[in-house]
Amino acid sequence: MPESEQCFAAFDLFFRSALQLPEYRARRGLRFPVGYLAGLYFCAIAARRDSQMSASIWMSAHWALLVVIWEKASGLRLSDAARRKAPSQATLSRFLQGCSPKEFAWYRTRAERIVFRQRWQAFQKLRRKTGRIAMGGKVKDRRKLAKQPNKPIPQYALDGKARAGCVSEATGRHEIDLTLYSPDTKQVLAQRTLADKEGEPTAAVEIILAEARSLPKGIFTGDAGILSPRVVSAIAKKNHDFIFGIKGNAGKVFDAIKSHPWEEMPFVSETFYKGHGRGEARGLKKMSVSSFGKPDLFAKYDGVAVVFQVTRVIEQLSTGEMGTEKSYYIGGAAAAALTPRQAQGYIRDHWGQESFHWVKDVVLGEDASHQKRNNGSRILGILRTSVAEVGMRLFGSTKRFVDHFSADPRKMLEK
């Protein structure tokens, strides 16, 4: 298990961003600072206490430890009235309904963006070290090397996740959290809440124009639901690049790509994977846009330079059933300059964001949450994101983190 100081340092980034939340205590009748309530609920979720009642009971049982943690992280002393008693269920309810999700998400993701460059460099250093060890023959399982993505520049994955049970007041559909996620450093770098899935491209443009300038040049990835001419133009405007899935909603462009005689071309990269009850072979074919012989075909997508076809042959190991899937992607100049294996790495690693969503749903119980009111659901979503990030940073697994923390939080946080 990580040392207590390492654990506290991982918590500290969250606490520092929570401290910057605007106060609304006067109009809500709260005796606790808003940032402190956010920190308390963060710890409660890490201990698998999601509902307001169970969170309040858990806080009362660990109150002395929580006071010490907060005062150490903030450098501030709580008032005597706040130190005497843990927040009640009613206090937590007022916090969830009074705190601004938009401001909370902005402060949290800004803190992650500030440290992103440092963590990306550490990721690159670790990948090179792992590669040298494997090539030196000291790692028996060479699949460990195959799982290490070889990326010359960072990857930024755009994808949306519905919060089941939280219905938008504007549309009557489930609200969507659109996030900008780094599969390499396991960080959420930006977030927007949408009334439904139809607004994803518009929100993606907003995220790119507002936040991309603070990030090192990288490759944005997304599925066909994110792809639009405005999204691609925004990426080009901020001097980044892209690889996006493309489907029938792209019209004539997709029809031309799909009808191309791909079967006459050889695979330029092939990888094999076995795990989670299935075996999968992936093959990639690559073709420049100029090879299509139609200069105006891709004109609406600014800077597109290359098209990829990915073929997946999947075998269900328990039944022996076989299936084949083919998908298509378009990319810019930086994507065209990638080696085939690097391109496959960016395409494959986009689904790391889906794994992150799965962790929030299954390990942290987001879809099963009793909190269905819009404001409270959004705040808890941000807190679960932070817990998942800390868990991956400390243990490489959010489940291991919450198992250890719920068993004995004092062992992890007390010197």
Restricting to the range 256-311, and then to whatever is among the small types (Gly, Ala, Ser) and within 30 Å of the chain's Cα centre (by Cα), can you tell me which residue is farthest from Asn150 (Cα to Cα)? Gly277
Determine which member of the set Gln124, Gln148 is modelled with pLDDT under 90, in a loop (DSSP other than H, G, I, E, B), within 18 Å of Asp349 (Cα to Cα) and polar (S, T, N, Q). Gln148
Quick one: which strands (runs of 3 or more DSSP E) sit completely within the range 154-214 and have at least 1 residues that are among the acidic types (Asp, Glu)? 155-167, 174-182
May I ask you to verify whether Lys372 is among the charged types (D, E, K, R), closer than 30 Å to Ala90 by Cβ and in contact with a helix residue (DSSP H, G or I) (Cβ under 6 Å, 6 or more places away or on another chain)? no
In the range 322-352, the residues that are farther than 17 Å from Phe244 by Cβ and touching a strand residue (DSSP E or B) at 6+ places or on another chain (Cβ under 7 Å): Met322, Gly323, Thr324, Glu325, Pro340, Arg341
State which residue pairs qualify: first residue closer than 18 Å to Asp255 by Cβ and inside the range 297-311, second residue small (Gly, Ala, Ser) and surrounded by 22 or more Cβ atoms within 10 Å (Cβ to Cβ) in any location, beta carbons under 8 Å apart, and separation of 6 or more residues or different chains. Val304/Gly331; Val304/Gly332; Val307/Gly331; Phe308/Gly331; Phe308/Ala343
Please go through the range 392-415 and pick out each residue that is under 25 Å from Ser60 (Cβ atoms), part of a helix (DSSP H, G or I) and out of contact with any Lys or Arg (no Cβ under 7 Å at 6 or more places or on another chain). Phe401, Asp403, His404, Phe405, Ala407, Pro409, Arg410, Lys411, Met412, Leu413
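Residue-by-condition table, conditions (1) surrounded by fewer than 22 Cβ atoms within 10 Å (Cβ to Cβ); (2) assigned to a helix (DSSP H, G or I); (3) in contact with a His (Cβ under 7 Å, 6 or more places away or on another chain); (4) in the same structural domain as Ser406 (by TED's automatic domain parsing):
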residue: Glu23; (1), (2), (3), (4): yes, no, no, yes
residue: Leu37; (1), (2), (3), (4): no, yes, no, yes
residue: Phe42; (1), (2), (3), (4): yes, yes, no, yes
residue: Arg49; (1), (2), (3), (4): yes, no, no, yes
residue: Ile57; (1), (2), (3), (4): yes, yes, no, yes
residue: Ala64; (1), (2), (3), (4): yes, yes, no, yes
residue: Lys72; (1), (2), (3), (4): yes, yes, no, yes
Could you please let me know if Ala256 is in a strand (DSSP E or B) and surrounded by 14 or more Cβ atoms within 10 Å (Cβ to Cβ)? no
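Residue-wise test of (1) in a loop (DSSP other than H, G, I, E, B); (2) free of Cβ contacts under 8 Å to residues at least 60 places away in the same chain.
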site: Ile69; (1), (2): no, no
site: Arg83; (1), (2): no, yes
site: Pro87; (1), (2): yes, yes
site: Phe95; (1), (2): no, no
site: Trp106; (1), (2): no, yes
site: Arg110; (1), (2): no, no
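The values are calculated or read from the model by the stated rules, or taken from the named source; none is laboratory data. Nothing here was measured: the structure is a model prediction, and the numbers come from that model. Every residue, glycine as well, gets a Cβ built from its backbone with ideal geometry; the counts of neighbours run over all protein chains shown.
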